[in-house]
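First up is the structure itself, then whatever we jot down about it.
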Amino acid sequence: MNSISYSQSTTKRSIPGQVAKVAILLGLSLGLLWFAIDFPAYLIFESQSAGWMLWFSYANDLILPFALYFIICLGERWLRAWQGRALLAFAIPILLEIRQGLNVLFPVGRYVGSFDLLDIVVYAIGVGLAVIVDRKVFARMLRFW
């Protein structure tokens, strides 16, 4: 006899629902990463224009934490609370930004980016939007979410 008790949340999930959720998470995350890397901004924006500067300064800072949150959601089994996933998706870019600030103080001989406090605000907006999409949009639209 099996005396292991499982919580209701794990027993109600169906395999097709789990597969669909993983497919949506991977498709959204990898699609955003591909878009952020291969977007031909030089075809749309004039060099050094306001759109050019915004794209190259802050668009990736918004898109990448958004995608990172959904990649972390794939590990929902180990990190169940959305607050923990959001904190991790916010902490990783913050640590990288702090590293950029330290490299200004201790140069390493190559360009590693520049520290910008506004990047941290944009990271927070990106993770916040991802949480809203996860908790409000997908949870209401998809029964298996």
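Remarks
- If you check Val112, Val133 for being at pLDDT 95 or above and either more than 19 Å from Phe66 (Cα to Cα) or assigned to a helix (DSSP H, G or I) (or both), only one passes: Val133.
- Residues of the stretch 62-87 that are exposed (fewer than 15 other Cβ atoms within 10 Å of the Cβ) and of a type outside the set (A, V, I, L, M, F, W, C): Gly75, Arg77, Arg80, Gln83, Gly84.
- Residue within the stretch 48-65 that is part of a loop (DSSP other than H, G, I, E, B) and more than 10 Å from the chain's Cα centre (by Cα) present: yes
- Hey, Arg140 loosely packed, with under 12 Cβ neighbours inside 10 Å and either on the phi < 0 side of the Ramachandran plot or in a helix (DSSP H, G or I) (or both) or not: yes
The values are calculated or read from the model by the stated rules, or taken from the named source; none is laboratory data. Everything quoted here is computed from the prediction, not taken from an experiment. Quick reminder, even Gly has a Cβ in these numbers, built from the backbone with ideal geometry, and neighbours come from all protein chains shown.
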